[in-house]
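Down below is the structure, laid out as structure tokens.
Values in this text are rule-based calculations from the coordinates and carry no lab data. Source: prediction; values computed, not measured. Heads up, the Cβs are rebuilt from the backbone with ideal geometry, glycines too, and the neighbour counts pull from every protein chain shown.
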Amino acid sequence: MFSIITISFNSEKTIERTIQSVLAQTYKDYEYIIVDGASKDGTLDIIKKFEPLFEGRMKWKSEPDKGIYNAMNKGIERSLGTIIGIVNSDDWLEPDALEKVHQAYIANNSDNNTLYCGGIIFQTTQGTKRLLKADKEVFLKNSRYYVLAGIRHPATFVPAVIYKKVGVFDERIKIAADTDFILRCKYRGVDFCVLNSFISNMSDGGLSNRKGIFKLGKKDRRIILQNNGVHGLAYFFQMSYWVVRKTIRGLLIKLSLYKTS
């Protein structure tokens, strides 16, 4: 039923928690695929330690890649499951995550033209937790401006046929190819099923907090708009909207007034 993909690179500090969360799933009809980018630390030793516990359901490969979305695409290409989920090597699943997604899938008449979207438990650097629900209305409202809100990619499970329908992650995009993919799904007629459950955990930090994020994000924004057929005056408006939105958000973060919802 499921293919669960983890991409990793020098992840010895966090990947054991990720692997254990997959191993602990109450729903067992899955394969586990680890795509490692030729780690030089102890990541591979940890993977090898846990491999026998999966009793043949784990497959992994370590080789250089061209970035996180190239690694994700490799995992998708190697998947055999009906539904694909991605849990990065610093994230982890709730024990009943696959069970909750499977229940939603069956209740939705096994619809393979639907993304199954749960909530995230976000662990801050201060040790507090934020519960980030999936919200279809918020997503649809914000999708008009080609930004992602309400749908949490680390808690989104994708039927494999959707990748064939809309394509995999655009590897030209450096930090927001998940946003691009979900928006392409929306504008190509894919539906969204929201689970009233928190199924994934993620911690503060990572790629989205890198220095120079605004410059990278602006380049990504151009590709996202192009991928969704936005041109002319509409393109100018959407770019301007994004710049203003990011600028205000950055100011609020500096003033400690920004709150993730």
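Any residue in region 136-148 that is of a type in the set (Asp, Glu) and either within 28 Å of Gln226 (Cα to Cα) or in contact with a Pro (Cβ under 7 Å, 6 or more places away or on another chain) (or both)? Explain how you work it out, then say what you get.
Quick first cut of region 136-148, residues of a type in the set (Asp, Glu) only: 137.
Within this subset, residues satisfying the condition of being either within 28 Å of Gln226 (Cα to Cα) or in contact with a Pro (Cβ under 7 Å, 6 or more places away or on another chain) (or both) are 137.
Yes - at least one qualifying residue is present in region 136-148.
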Cβ pairs under 6 Å, 6+ apart, first in region 54-72 and over 14 Å from Val87 (Cβ atoms), second of a type outside the set (A, V, I, L, M) and surrounded by fewer than 18 Cβ atoms within 10 Å (Cβ to Cβ): Tyr69/Glu171; Asn70/Glu171
Output for region 64-81, where each listed residue is aliphatic (A, V, I, L, M) and part of a helix (DSSP H, G or I): Ile68, Ala71, Met72, Ile76
Any hit, region 108-129, residues being under 17 Å from the mean Cα position of the chain (by Cα) and of a type in the set (Asp, Glu): no
Count of region 123-133 residues which are surrounded by 12 or more Cβ atoms within 10 Å (Cβ to Cβ) and part of a loop (DSSP other than H, G, I, E, B): 2
Contacts under 7 angstrom Cβ, first residue in region 238-251 being closer than 12 Å to Lys218 by Cα, partner hydrophobic (A, V, I, L, M, F, W, C) and surrounded by fewer than 13 Cβ atoms within 10 Å (Cβ to Cβ), 6 or more apart: Lys246/Phe214
Lone unmet requirement of (1) in contact (Cβ under 8 Å) with a residue 12 or more places away in the chain; (2) surrounded by 14 or more Cβ atoms within 10 Å (Cβ to Cβ) for Asn142: (1)
Single residue of Ile5, Ile47 found to be within 23 Å of Gly81 (Cα to Cα) and under 19 Å from the mean Cα position of the chain (by Cα): Ile5
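Quick one: which of Ile33, Ile19, Ile84 is buried (at least 20 other Cβ atoms within 10 Å of the Cβ), touching a helix residue (DSSP H, G or I) at 6+ places or on another chain (Cβ under 7 Å), assigned to a helix (DSSP H, G or I) and not small (Gly, Ala, Ser)?
Numbers: Ile33 fails: assigned to a helix (DSSP H, G or I); Ile84 fails: assigned to a helix (DSSP H, G or I).
Just a single option satisfies the conditions, and that option is Ile19.
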Where a residue in region 97-116 is farther than 14 Å from Ser200 by Cβ and its partner, wherever it lies, is among the aliphatic types (A, V, I, L, M) and loosely packed, with under 14 Cβ neighbours inside 10 Å, with Cβ under 7 Å and at least six apart: Asn112/Val161
Residue, surrounded by the fewest Cβ atoms within 10 Å (Cβ to Cβ), within region 171-185, restricted to residues that are β-branched (Val, Ile, Thr) and closer than 15 Å to Gly67 by Cβ: Ile175
